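Q: Before I ask anything, here is the structure I am working with.
Every number in this text was worked out from the coordinates using simple rules, so none of it is lab data. Model, not experiment: these values are computed from the prediction. All Cβ positions, even for glycine, are placed from backbone atoms using ideal geometry, and neighbour counts span all protein chains on display.
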């Protein structure tokens, strides 16, 4: 009896990726994702500190990004802004995103590409905020002047960027398309604000990197995933 078509699609879409993750976690357990665990602890630490009367200003000074600030200051704060949870959202959501998506990315694309892609996606969102305000609210691509004063922190842009990059590496095209469509739907129908548009900017930046690497003939992650176990990838 042949397996259902949906199961075949799922195996083709996620099989190589899940095998890589399973092999790495079986061989090294939590030692397979040290950068991810560090990111989770850092995010939790920032959450605790910024909710203290004595710590809020310190966290803002080192990890808060706003489009009305000088560019050099925003660029200096952008790396840490990734780990500062948004005050108006539950911290468990940020922690879950970091643990799951960062963990998969650390195993599947390596410890050097994880921070590079995460930073690229976050930086794309940060830079878009300035461009969007310059364009103005009259354009669908623009932002209102009030968005210049919105505190822009959190891992969400990095999360969607990493999700797209991992999907590209492992040829999970349906999942990649689902992530892209979800970000567009978010902006058009759900959250037409700075955060939603930054997610689209992060996705576009990572897709551009994927397109360039595809053009120069980088090896497909799915094929690599079939040849290389998770433990070997982490050496």
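Q: Just to be sure I understand: with springs between alpha-carbon atoms less than 10 Å apart, which residue in 37, 87, 204 has the highest mean-square fluctuation in the Gaussian network model of the chain?
A: Sorting by GNM fluctuation, first place goes to 87.
Q: Helix-derived [θ] at 222 nm for the chain: sum -39500 (n - 2.57) over DSSP H runs of at least 4, divide by residue count, nearest 500? Write down the numbers at each step before the final one.
A: Numbers: 12 runs with 157 residues, N = 235.
Helix-only estimate at 222 nm: -21000 deg cm²/dmol.
Q: Give me Rg/Rg_expected for the chain, where Rg uses Cα atoms only and Rg_expected = 2.2 N^0.38 Å with N residues.
A: On the way: Rg = 18.6 Å, N = 235, 2.2 N^0.38 = 17.5 Å.
Scaled against compact globular proteins, the figure is 1.06.
Q: With the chain treated as a Gaussian network of Cα nodes joined by springs under 10 Å, which of 158, 24, 121 yields the largest mean-square fluctuation?
A: 24
Q: For the chain, what is the relative contact order in percent, using Cα pairs closer than 8 Å and at least 6 residues apart in sequence?
A: 27
Q: Let me ask something else. Counting other C-beta atoms within 10 Å, which of 199, 70 has the fewest, and how do the rest follow? Write out the running numbers ahead of the final one.
A: Values: 199 26, 70 8.
Result, fewest neighbours first: 70, 199.
Q: Follow-up question, since we're still on this one. For residue 88 and residue 148 in the same chain, what is the full-extension length gain: residue separation times 0.36 nm, less their Cα-Cα distance, in nm? Walk me through the numbers before you get to the answer.
A: Numbers: separation 60, 0.36 × 60 = 21.60 nm, distance 1.75 nm.
Stretched out fully, the residue 88 to residue 148 stretch lengthens by 19.9 nm.
Q: Another question about this same structure. If I model a spin label as a point 7 Å beyond the Cα along the Cα-Cβ vector, how far apart are those points for residue 29 and residue 14 in nm?
A: The two pseudo-label positions are separated by 2.5 nm.
Q: Run the numbers for residue 191 and residue 178: contour at 0.36 nm per residue of separation, minus the present Cα-Cα distance, in nm.
A: On the way: separation 13, 0.36 × 13 = 4.68 nm, distance 1.72 nm.
Contour length minus the Cα-Cα distance gives 3.0 nm.
Q: Can you pull the one-decimal nm distance between simple spin-label points at residue 96 and residue 208, each 7 Å off the Cα toward Cβ?
A: 3.2
Q: Relative to the longest principal Cα axis of the chain, at what angle does helix 5-28 sit, 0 to 90 degrees, rounded to 10?
A: The angle comes out at about 80 degrees.
Q: Could you calculate the contour length gain from residue 215 to residue 53, that is, 0.36 nm times the residue separation minus the distance between their Cα atoms, to one decimal place in nm? Write out the running numbers ahead of the final one.
A: Working: separation 162, 0.36 × 162 = 58.32 nm, distance 5.11 nm.
Between residue 215 and residue 53, full extension yields 53.2 nm more.
Q: If each residue's Cβ is checked for other Cβ atoms within 10 Å, how do 107, 133, 190 rank with the fewest at the top?
A: Details: 107 26, 133 19, 190 10.
Starting with the residue having the fewest Cβ neighbours, the order is 190, 133, 107.
Q: Could you identify which residue out of 14, 134, 168 has the top mean-square fluctuation in a GNM of the chain using Cα springs shorter than 10 Å?
A: 134
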